[in-house]
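Comments concern the structure below.
The values are calculated or read from the model by the stated rules, or taken from the named source; none is laboratory data. Quick caveat, the model's predicted, so the values are computed rather than measured. As a convention, Cβ positions derive from the backbone with ideal geometry for all residues, glycine included, and neighbour counts pool all protein chains shown. Ligands, DNA and RNA are excluded from the accessible area calculation, which covers all protein heavy atoms including side chains. Shrake-Rupley method; radii C 1.70, N 1.55, O 1.52, S 1.80 Å.
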Amino acid sequence: MKDDSEREAIFAHWADPKRAARDPRQFVLMRPLNRTNPTRIYTGRFTDYSAGEIPWLHRRRWTCNELRIRNLIHGANLNVNYGYAYTEGINRTRQREWEAAQERVSVTERQLTDCRAAVHNLRQCLADLQSTYASQHHDLQEQLKQRRLDVQRRQRLGQTTTRAMQRVNRLRRKLDDLKQRFCKRQRRLLEQLYDQQSRSYCLNERLHHRLALRDAIDTETLCRERDLEKDQVMLDLQVLLANLHDWSAKYYFDSPWRNLSLKKATQMIYRKAGQVTWYNDRIEVVLKPYRYSDQQSAMETSCARFNARNVRWRDGRRIHISVAPPK
C-alpha cells in the first residue's frame, strides 16, 4: 500500500454474478500484512487508481471532519439571500395528495361496481329460481291432478287404487321436497342479497366521503418554484474556499496560525492591507505590519514558508510576499 508498508489493499467484488451486475461500486479491502480479516473497506468508483492508492487518497482528506464542517458553516457566508428568481407551477405536493385520494376513490368505485353487479346477479338468480319453481310446481300439480282423477275413476269402476294412491303420495312428497328446496335456496339468496345491499350502502357512503376529501384538495392554485442554482454555486465556492484555507494553513502558516478558523483567517490574513508591485520577472506583495509582535512574527514565518515554495503567477512571474517591519 502506498506510504504504508505494514498494510496491503486489494480490489474485491460480489461472488454472486447477478448482484455484481446490479452494483456498480468497487470495493477495496485493507488489512495488515499476514492477516486475513480486513480492517477497512472503501467503496466507490476507482477507475484510474490502483488498490494501494485508495486508502492513501482517503487519508489525505480532512482530519477532524466535524470541526472542518463547523468552520465551514461559521466561515464566510457566501450564500446571502439577495432575492430568488422563481417560476409559477403546479403544487406537486398537492398534486401527489390528489393522486393518492383519486386512487382511493377508484378503489372504492371498483368495489361498489362489483357489489352492485353482485346485487343484480342475486336478484336475477331469485327471479330465475322463482320462475323455475313455479314451472316445476305447476307441472307437479297437473300430474297430481291427473293422478287424483285416475284414483276417482278406478273407485267408480271398482278397481284397486293401491298403486294409484302410491303415485299420488309420491307426487305429494315431490311437491313438499320441491317447496323445501325452493325455500332453502330462496332464504340463502335473500341473505346474500341483504349482505350485498348493506355493503353497497356502506361503500356508497365511503365513496361520497372520499370524493369530498379529494375535491377539497386545492390543485388549482399555483405555487412559486425557486431557482436554487445560485445556492449550489455559492455552496461549491464555499467548500472550495474552505479547502484552500485548509491547504494554506497546513503548508504555509506558522504553527500558531494552523488552527485558525476561516472567518478569523479572513480577518487577520486574507484581507490584510498591503501594496502590490508588478515587475517584469516577479510580483512583490508587501503587507502592512501587525500591531502585536506575536502576529508580526507569525506572519514573517508564514511569508518565509510561502516564498520557499517558489509560487508563481499564471504568466510565470514569481510571487514574493513580505510583511513590513513595525514602526
Worksheet entry | Spacing of the two label points (7 Å from each Cα toward its C-beta) at Gln159 and His58, in nm | 11.1 nm
Discussion item. Please list, in order along the stretch 41-47, the HN-Hα scalar couplings obtained from phi with the Karplus expression 6.51 cos²θ - 1.76 cosθ + 1.60 (θ = phi - 60°), rounded to whole Hz, x for Gly and Pro.
Written reply: 10, 10, 10, x, 10, 10, 7
Discussion item. Report the gain in length on full extension from Arg282 to Glu191: 0.36 nm times residue separation, minus Cα-Cα distance, nm rounded to one decimal.
Written reply: 22.5 nm
Fill in: Solvent-accessible surface (1.4 angstrom probe) belonging to Glu284, in square angstrom, nearest 10
40 Å²
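Ignoring everything except DSSP H segments at least 4 long, calculate the 222 nm mean residue ellipticity for the chain; use -39,500 (n - 2.57) per segment, divide by total residues, nearest 500. Provide the component values of the computation, followed by the final result.
Values: 8 runs with 185 residues, N = 327.
The per-residue figure over the chain is -20000 deg cm²/dmol.
Any idea of the accessible area per residue across the chain, 1.4 Å probe, to the nearest Å²? Let's see the in-between values first.
On the way: 24140 Å² over 327 residues.
Accessible area per residue: 74 Å².
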Practice prompt. Would you mind checking which residues have amide H under 5 Å from Arg7's amide H? H placed 1.01 Å from N; only 5 or more apart, or other chain.
Written response: Leu33
Response to the item:
Of every hundred units of 1.4 Å-probe accessible area on the stretch 187-327, the number belonging to carbon and sulfur atoms, as a percent, is 51 percent
Practice prompt. Please provide three numbers in whole Å: the alpha-carbon extents of the chain along the principal axes, with the largest listed first.
Written response: 158, 62, 34
Practice prompt. Please list, in chain and number order, the residues 5+ apart from Ile319 or on another chain whose amide H is under 5 Å from its amide H, with Hs placed from the backbone.
Written response: Ile283, Val311, Arg312, Trp313
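Quick check of the Kirkwood formula: for the stretch 1-53, what is the inverse mean of 1/r over all pairs of different Cα atoms, in Å? The partial results should precede the final answer.
Working: mean 1/r = 0.0841 Å⁻¹.
Over the stretch 1-53, the inverse of the mean reciprocal pair distance is 11.9 Å.
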Worksheet item: How many lysine pairs are close in the chain, with Cα atoms under 24 Å apart and the two 8 or more places apart or on different chains?
Response: 16
Response to the item:
Distance in nm between Gln136 and Lys250 label points, each 7 Å along Cα→Cβ, equals 9.5 nm
Worksheet entry | Point-charge dipole on Cβ atoms (K/R +1, D/E -1) for the chain, about Cα centre, debye to 20 | 2220 debye
Practice prompt. Give a residue-ordered list of calculated ³J(HN,Hα) values for the stretch 316-322 (Karplus: 6.51 cos²θ - 1.76 cosθ + 1.60, θ = phi - 60°; whole Hz; x for Gly, Pro).
Written response: x, 6, 6, 9, 10, 10, 9
